[in-house]
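Written below as structure tokens is the structure these notes are about.
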Amino acid sequence: MIRRLINKVLGKKAAAGPRILPLAKHGIRREQIHSCALKVTDTLAREGYAAFVVGGAVRDLLLGHEPKDFDVATDATPDEIRRLFRRSRVIGRRFQIVHVYCGPDLIEVTTFRAATPPAEDDEEEDGRVTAADGMLLRDNVFGSQEEDAARRDFTVNALYYDPANQEIWDGHGGVADAQKKLLRMIGDPAQRFREDPVRMLRAARFAAKLDFHIDPATRAPIAELASMLARIPPSRLFDEMMKLLLSGHAERGVKQLRAEGLHHGVLPMLDAILDDPARQKFLHAALHDTDLRIRQGQSASPAFMLACLLWFDMQQELERKRAHGLHEQSALYEAMDTVLERQRRALAFPRRFDGMIKEIWSLQGRFEQRSGARPFRLLSHPRLSACYDFLLIRAESGDASQELADWWGRFQDAEEAERAEMLKPAQGSDAKRKPRKRRKPADAAPSEPA
Ligand code: ATP
Ligand code: MG
């Protein structure tokens with residue numbers, strides 16, 4: 001508050017403080033802020049705390065994009081925030097934040113963090129743990145707004161919007177960088193990447209998502225430090241990669257990862273895919289399709305993405321199981337389990353995705369069966385839409401026939417009579433299956449309910 005007063009008296013910029021930009025200079029109006037975030041900042045301000053909307057939301061509004069979520073930063077401590085909002089709870093250990101709920105909406109509220117100390121030996125001092133190589137393991141030391149801005153990653157991510165005055169506090173030239181479409185690390189890039197190697201992945205993600213170029217000085221140390229990503233807990237890597245792959249700009253994001261030399265070891269399956277032209281074609285079709293879906297406001301899930309990324313591994317494993325003489329169905333189920341377990345060891349992705357991944361994979365074979373009652377049963381399958389999207393991606397990349405994908409497109413839209421006409425003669429099924437046991441005759445009736 002005193003800072004603002006000094007700024008006002010001196011004109012724009014106080015000696016070392018942030019530049020404070022009025023509405024006329026940035027154009028973000030209070031009404032553009034989510035009502036839940038306004039409720040949080042207004043309540044905090046009424047109680048005498050500093051309260052800003054910060055990070056991605058301010059950046060996105062400045063760039064004319066719709067923000068994904070609204071985060072708030074304040075000088076109130078987590079306990080003080082908790083006391084002000086009945087529906088709130090403290091989460092996190094490495095980095096404590098408070099979740100405040102209004103209706104179905106959630107606002108993340110963080111207390112200003114202090115500046116990061118220079119790297120020393122493994123060290124614990126009141127709430128902050130730094131490893132010998134400079135990696136910040138825990139960060140719960142509270143500080144001022146300026147310090148909080150300095151420990152954020154990129155200049156465009158360190159813009160603070162005060163809804164009460166419709167001002168942006170810009171301590172690191174983020175507004176100018178946004179205009180230049182420049183992604184620039186705050187502070188010494190090598191040190192900041194060492195503190196948290198995930199920032200390297202974030203650089204690739206934001207450059208892709210915002211269509212920014214990475215400042216040469218920010219970019220320079222990445223190649224050398226890329227191997228530090230191996231020290232990041234797999235679950236955090238997984239979350240960060242999913243953010244990239246489900247950002248709506250995954251195609252560009254993966255290209256950016258490669259350009260920075262970051263794709264090796266981040267997702268083990270990406271290594272394998274990017275070294276094999278057939279897999280690459282499939283991956284690009286998958287990323288392209290998923291990007292389009294997300295940009296059209298449709299859903300895309302981590303499970304679908306994992307099913308895409310591991311599809312060829314699963315096929316390979318399936319061949320191996322078949323070669324061991326396993327019956328088709330057992331071969332499929334064993335192959336799916338083997339691949340998922342192997343990946344889980346490397347990536348620690350949650351088991352809750354397994355069901356959907358397996359459904360997407362196992363339905364691919366069933367698409368081949370276009371006679372009798374089977375296609376009708378598939379129509380009422382709850383995951384048909386995702387499985388069909390997967391088939392489209394396969395067809396697009398030459399992994400399944402386009403004719404098959406078209407047939408299923410028509411079959412889903414057709415009337416009952418047309419569907420019956422579309423069925424293939426039983427022996428004409430183009431499934432690449434091993435001979436099966438004979439089925440009961442009832443199985444061949446097209447009108448059999450699912
Ligand atoms: P998105 O729109 O993709 O969510 P975002 O900028 O909001 O982008 P978040 O991951 O939600 O990204 O983080 C919110 C803010 O927290 C960032 O804008 C940045 O200021 C800060 N931040 C997040 N992760 C880090 C990090 N690893 N190092 C430094 N600052 C970070
Ligand atoms: Mg965010």
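The values are calculated or read from the model by the stated rules, or taken from the named source; none is laboratory data. Nothing here was measured: the structure is a model prediction, and the numbers come from that model. Here the Cβ positions follow ideal geometry from the backbone for every residue, glycine too, while neighbour counts run over all protein chains shown. Please note that ligands, DNA and RNA were not included when accessible areas were found on the heavy atoms of the full protein model with its side chains. Shrake-Rupley method; radii C 1.70, N 1.55, O 1.52, S 1.80 Å.
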> In what sequence, highest mean first, do 140-152, 288-300 appear when ranked by Cβ atoms within 10 angstrom?
Replying inline: 140-152, 288-300
>> Which one, L340, S397, F304, is farthest towards the positive end of the dipole of region 302-422 when Lys and Arg carry +1 and Asp and Glu -1 on their Cβ?
In response: L340
> For region 302-422, what % of the accessible area comes from carbon and sulfur atoms, probe 1.4 Å?
Replying inline: 48 percent
> Among 237-243, 44-50, what's the highest-first ranking by average C-beta atoms within 10 angstrom per residue?
Replying inline: 237-243, 44-50
> Heavy-atom accessible area of D105 with all protein chains present, probe 1.4 Å, nearest 10 Å²?
Replying inline: 60 Å²
>> Could you sort S235, S227, S88 by their accessible area in this structure, using a 1.4 Å probe and putting the largest first?
In response: S227, S235, S88
>> Just the number please: accessible area per residue for region 334-386, 1.4 Å probe, all protein chains included, in Å².
In response: 41 Å²
> Largest first, how would S380, S330 line up by accessible area (1.4 Å probe)?
Replying inline: S380, S330
